[in-house]
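This report refers to the structure that appears directly beneath it.
The values are calculated or read from the model by the stated rules, or taken from the named source; none is laboratory data. The structure presented is a predicted model; accordingly, all values stated were derived computationally and were not measured. As a convention, Cβ positions derive from the backbone with ideal geometry for all residues, glycine included, and neighbour counts pool all protein chains shown.
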Amino acid sequence: MNSAQTIHPKPPWLATFKVYLEPPTLRMLLLGFSAGLPLLLVLGTLSFWLREAGIDRTTIGYLSWVGLAYAFKWVWAPLVDRLPIPLLTGLLGRRRSWLLASQLAIMAGLVAMSFNNPQVALQPVVWGALAVAFGSATQDIALDAYRIESADADRQAALAAAYQSGYRLAMIWAGAGVLWIAARAEVAQTANYQFAAWQTAYLVMAASMLLGVLTVLWSPEPAHALLPVARNPGEWLRSALAEPFADFWRRYQWQAALILALISVYRISDVVMGIMANPFYVDMGYTKDEVAAVTKVYGVIMTLAGAFIGGAMAIRLGVMRVLMLGAVLSAASNLLFALLSTRGHDLTGLILVISADNLAGGIATAAFIAYLSSLTNISYSATQYALFSSMMLLLPKFLAGYSGRYVDAFGYPSFFIATALLGLPVLLLVWLASRAGSERGVLLAAGPDL
């Protein structure tokens with residue numbers, strides 16, 4: 001057997017899991033916390049706050065379009081990939097300077113939200129949420145590039161799992177933490193909705209972004225992230241805007257359309273369903289403490305377990321196999337919410353449903369991030385990854401804007417069943433992408449055919 005035919009043995013499970021103790025992986029855990037904190041504060045937790053303040057479900061659904069900032073981040077990703085920030089880039093480097101600037105923008109937006117009562121004036125809260133979403137999307141651009149440039153391809157699944165772990169820990173704090181703080185800050189025997197309690201909670205969240213700031217200041221700049229020097233504006237525009245997209249189409253040719261189709265719908269079931277999750281908990285009579293404990297703490301722990309399992313499975317079995325498993329489980333778990341919606345206030349049922357849904361979500365997300373990372377060219381990592389992750393959110397976020405209107409018209413059971421059915425085309429696209437990947441022979445981390 002020649003060297004080209006040599007089959008390298010898979011590492012033992014213990015050695016596989018040691019990757020989570022490596023410095024780049026631990027840094028990604030902390031930076032993942034910084035990335036995960038803002039998302040719920042402008043989408044999930046915000047919808048709970050708005051519903052408690054008496055904002056109707058249709059309006060809450062439309063306000064979820066704030067999240068479209070994440071779907072259009074590819075528009076300014078070339079700037080993050082190539083444009084230096086005066087003074088700051090010279091001190092910190094390209095990736096870290098953009099990370100720090102975006103984190104400061106997030107903190108400012110959260111403070112602005114905390115000083116406006118949506119029951120009195122909703123528009124200022126929306127503007128603050130937009131600032132947070134824009135800063136968060138910019139942080140994601142720089143952080144995804146930082147992650148891709150921090151390790152080789154065989155470590156990307158582990159970095160993705162660590163990133164998701166930090167991300168989910170932040171979601172515990174931005175979900176359960178906010179609800180817990182708001183509940184404890186309420187004045188007894190007054191109105192059910194108390195703005196001052198929510199104000200306190202959001203100010204604490206703004207201060208929590210300091211963990212990300214300190215991590216950026218203490219982290220090294222990736223070796224691959226040296227800032228290229230353009231000889232003229234035309235050359236800069238060509239390298240920053242046109243070349244990253246042209247490179248993707250050159251490498252994948254006709255299969256690029258299939259890849260983009262898969263990316264655009266892979267998370268559609270979870271994203272569309274997620275906007276109405278918190279209004280659903282409020283309408284079913286679950287208390288802040290119940291929602292915090294079950295969905296924001298226990299549920300996130302289950303997602304962490306799923307992320308670690310998915311990352312390890314991707315190393316041993318290949319990304320595409322785990323990608324298919326995640327797609328099946330994510331769509332199926334929405335059917336459990338449909339059943340739960342017929343039972344009213346059922347805490348035991350909620351625990352069981354959250355267990356299944358979040359475990360499935362963790363597996364799917366770890367595999368999906370590894371898949372997206374395998375598609376990028378290291379020379380254009382920020383721009384290309386931003387394009388992929390934006391495509392992931394554009395259609396789902398747009399449809400999610402109508403979720404409140406759908407629930408008002410047809411009810412929660414029908415809504416959850418419909419979101420599960422949205423996941424069916426994903427299964428076909430994963431299978432086709434797996435076949436196409438094996439024919440190209442370039443997705444080294446993809447593993448064997450499905």
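Below, the figures for the structure above:
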read-out: Residue in region 152-161 that is closer than 30 Å to MET313 by Cβ and polar (S, T, N, Q) present; value: yes
read-out: Residues of region 287-316 satisfying the condition of being closer than 17 Å to GLY177 by Cβ and not hydrophobic (A, V, I, L, M, F, W, C); value: THR287, LYS288, ASP289, GLU290, THR295, LYS296, TYR298, GLY299, THR303
read-out: Among residues of region 311-338, those that are within 23 Å of PHE280 (Cα to Cα) and not aliphatic (A, V, I, L, M), counted; value: 4
read-out: Residue pairs meeting the criteria (Cβ under 7 Å; at least 6 apart or on separate chains; first closer than 17 Å to ILE263 by Cα, in region 314-329; second part of a helix (DSSP H, G or I) and among the hydroxyl-bearing types (Ser, Thr, Tyr)); value: VAL319/TYR371; VAL319/SER374; MET320/SER434; LEU323/TYR371
read-out: In region 172-194, the residues that are surrounded by 17 or more Cβ atoms within 10 Å (Cβ to Cβ) and assigned to a helix (DSSP H, G or I); value: ILE172, TRP173, ALA174, GLY175, ALA176, GLY177, VAL178, LEU179, TRP180, ILE181, ALA182
read-out: Filter result for the condition that a residue is at pLDDT 75 or above and small (Gly, Ala, Ser), over ALA257, ALA191; value: ALA257
read-out: Selection from region 339-350 of residues that are assigned to a helix (DSSP H, G or I) and either touching a residue at least 60 places away in the same chain (Cβ under 8 Å) or surrounded by 15 or more Cβ atoms within 10 Å (Cβ to Cβ) (or both); value: LEU339, LEU340, LEU347, GLY349, LEU350
read-out: Contacts under 8 angstrom Cβ, first residue in region 89-109 being in contact (Cβ under 8 Å) with a residue 12 or more places away in the chain and buried (at least 21 other Cβ atoms within 10 Å of the Cβ), partner among the charged types (D, E, K, R) and in a helix (DSSP H, G or I), 6 or more apart; value: ARG95/GLU149
read-out: Residue satisfying condition, being modelled with pLDDT of 85 or more, surrounded by fewer than 20 Cβ atoms within 10 Å (Cβ to Cβ) and either closer than 16 Å to ASP140 by Cα or among the aliphatic types (A, V, I, L, M) (or both), within set LEU422, LEU427; value: LEU427
read-out: Residues satisfying the stated conditions in region 113-142, i.e. of a type in the set (Phe, Trp, Tyr) and crowded, with 20+ Cβ neighbours inside 10 Å; value: PHE134
read-out: Number of the exception - SER374 against (1) of a type in the set (S, T, N, Q); (2) under 18 Å from the mean Cα position of the chain (by Cα); (3) not in a helix (DSSP H, G or I); value: (3)
read-out: Elements of type helices (runs of 4 or more DSSP H) in region 59-120, at least 2 residues being over 27 Å from VAL271 (Cα atoms); value: 77-82, 88-92, 94-114
read-out: Hits in region 36-58 - residues which are over 20 Å from the mean Cα position of the chain (by Cα) and part of a helix (DSSP H, G or I); value: TRP49, LEU50, ARG51, GLU52, ARG57, THR58
read-out: Test: ALA293 is assigned to a helix (DSSP H, G or I), farther than 24 Å from LEU429 by Cβ and among the small types (Gly, Ala, Ser); value: yes
